[in-house]
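Some notes on the structure that comes next.
Laboratory data are not the source of any read-out in this text; all were calculated from the coordinates shown. Here the structure is a predicted model, which means the values were calculated and not measured. Cβ sites come from the backbone with ideal geometry, for glycine too, and all protein chains shown count toward neighbours.
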Amino acid sequence: MDRLKKLRGEIDSIDDQILRLVEKRREIAGRIGRLKKQNGLEVYDPVRENKIIEKACKNTRLDAWFVRRLFCQIIEYCRSGEKKSVNAGAIKKTGAVAVLGPAGTFTEKAAKRLFKENKLEYCDSVEEVFKSVESGTEYGVVAIENSLEGSISKTLECLLEYDLMICGETVLDIRLSLMASHGTRKENVNIVLSHPHALAQCSRYLKENFPNATLQGTASTTSAMKDAGKINGAAAVGFSEAAKDYGLVVLDDNVQDDASQTRFIVLSKSRMYGPKTSIIFAVKDQPGALYAILNEFADRKINLSKIESRPSRRLLGEYLFFMDFDSSKMSEIEAKKVLEDIKPMTTLLKFLGSY
């Protein structure tokens, strides 16, 4: 018994060391985040993170699957010390929040990160979230882009159509799992269900492991989980923490082809001012039209963190540009002035929010 007590004491000591080291790692990550911000660099660096994980797998006798999963969790937690998820003073901690349902979606996870106490209202589609906020729900949370699959088309369409403001954002690391009903074996899976973006994010894994399976898109990852439990030989790709809620078990973890993140935005009717500003615009069909607008930002030394073109769906050959720019070093008056100056150069200009 003395020997057992001694060994347990050694384990307790090791556990304390692990905790202190993770605390130190997170503190250093916070310092790195501040340096990145000062130099205008992005916090998320997937190449660097993958190198850390691959190095860790090579430098241990532990199972690579376990090491990869462990370091993914540590890196994600430490990165949260590098970057605040949302403009802290912008969001009330009361009022309902509309999210894409049913329970267990990544959107729900993002909303719970932002709104720890608010009541969530589940909607059947992205557009229903917009309609809910337009009808009086305090906030809405929707995905706007994924680092692998790009922008969410429906969200961009709704941002143009509905008179709502973006008032916050958060970014989630996306870890996908393959789930099925109890007793289902991987070799028996002949249909894989999930949201089209989730299926695309693990296309290589699915092609290698289920070359003959039918891939079927659903409205959300949790819709796929609900359906998978009712179909023999079906599996779903989604958020593993929701598996138990739908009577499923995890067949395989981390099935995404590459590390990815999804950015979620908060919708409301309220207008505010923050370090990032988003707009939509269309330009006149003439030489140098886009250059002239971009030059207005360049002359003011305003950093553009995103610019993306999409068909306007009004005329063939007409495009809309979705732009995010850094407004952290500008007053609200200065931000309004640059938009006033570019407006005559556009055929459409819509302010989406400053947050």
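Mind listing which GluC sites (Glu not before Pro) in the stretch 1-78 are in a DSSP loop and have 13 or fewer other Cβ atoms within 10 Å?
In loop regions of the stretch 1-78 (DSSP not H, G, I, E or B), the sparsely surrounded GluC sites (Glu not before Pro) are 42.
When 57, 158 are ordered from fewest to most other Cβ atoms inside 10 Å of their Cβ, what list results?
57, 158
Round to the nearest 10 and give me the degree value, 0 to 90, for the angle of helix 332-342's Cα axis relative to the longest principal axis of the chain.
Once rounded, the angle reads 60 degrees.
Run the numbers for residue 188 and residue 340: contour at 0.36 nm per residue of separation, minus the present Cα-Cα distance, in nm.
Value of the extension gain: 48.7 nm.
Compute the Cα gyration tensor for the stretch 145-255, then decide on rounded, prolate or oblate, letting a ≥ b ≥ c be the square roots of its eigenvalues: rounded whenever a/c is under 1.5, prolate when a/b is larger than b/c in the other cases, and oblate in all that remain.
Prolate, since a/c reaches 1.5 and a/b exceeds b/c.
Report the trypsin sites (Lys or Arg not before Pro) located in the stretch 1-63 that are in a DSSP loop and have at most 13 other Cβ atoms inside 10 Å of their Cβ, or state none.
Counting only loop positions with at most 13 other Cβ atoms within 10 Å, the trypsin sites (Lys or Arg not before Pro) in the stretch 1-63 are 61.
As a test of the formula, what do you get for the chain when each DSSP H run with n ≥ 4 contributes -39,500 (n - 2.57) and the sum is divided by the residue count, at 222 nm and rounded to the nearest 500 deg cm²/dmol?
Per the formula, -12000 deg cm²/dmol.
What Kirkwood radius, in Å to one decimal, follows from the Cα pairs of the chain?
After inverting the mean inverse Cα-Cα distance, the result is 22.6 Å.
By how many nm would the segment from residue 348 to residue 35 lengthen if fully extended, with 0.36 nm per residue of separation less the alpha-carbon distance?
Taking 0.36 nm per residue and subtracting the Cα distance, the gain is 109.0 nm.
Return the subset of 329/350; 109/244; 55/276; 36/269 for which the Cα-Cα distance in this structure is over 27 Å, preserving the input order.
Pairs exceeding 27 Å: 55/276; 36/269.
Just report the Cα centroid separation between the stretch 117-186 and the stretch 57-78, whole Å.
Their Cα centres are 29 Å away from one another.
Under a point-charge model restricted to the Cβ atoms of Lys and Arg (+1) and Asp and Glu (-1), what is the dipole moment magnitude of the chain relative to its Cα centre, in debye to the nearest 20?
The calculation lands at about 1020 debye.
Between residue 269 and residue 11, what is the label-point separation in nm under the 7 Å Cα-to-beta-carbon projection?
Distance between label points: 5.7 nm.
Length gain on complete extension for the stretch residue 77 to residue 232, per 0.36 nm per residue less the alpha carbon to alpha carbon distance?
In short, 52.1 nm is gained.
Looking at the chain, what % of its DSSP beta bridges pair antiparallel, to the nearest 5?
75
From the Cα gyration tensor of the stretch 276-354, with a ≥ b ≥ c the square roots of its eigenvalues, which class applies: rounded if a/c is under 1.5, or else prolate if a/b is larger than b/c, or else oblate?
prolate
Which angle from 0 to 90°, rounded to the nearest 10, does the C-alpha axis of helix 289-299 make with the longest principal axis of the chain?
80
So, with +1 on the Cβ of K and R and -1 on the Cβ of D and E, and no other charges, what is the size of the charge dipole of the stretch 2-79 about its Cα centre, to the nearest 20 debye?
180
Helix 2-38 against the longest principal axis of the chain: what's the angle in degrees, Cα atoms only, rounded to the nearest 10?
It works out to around 10 degrees.
Tell me whether the stretch 2-79 comes out rounded, prolate or oblate; compute the Cα gyration tensor, take square roots of the eigenvalues as a ≥ b ≥ c, and use a/c under 1.5 as the rounded threshold.
Cα axes put the stretch 2-79 in the oblate bin.
Please list, by residue number, every one of the trypsin sites (Lys or Arg not before Pro) in the stretch 167-250 that is coil in DSSP and has at most 11 other beta-carbon atoms within 10 Å.
In loop regions of the stretch 167-250 (DSSP not H, G, I, E or B), the sparsely surrounded trypsin sites (Lys or Arg not before Pro) are 185, 230.
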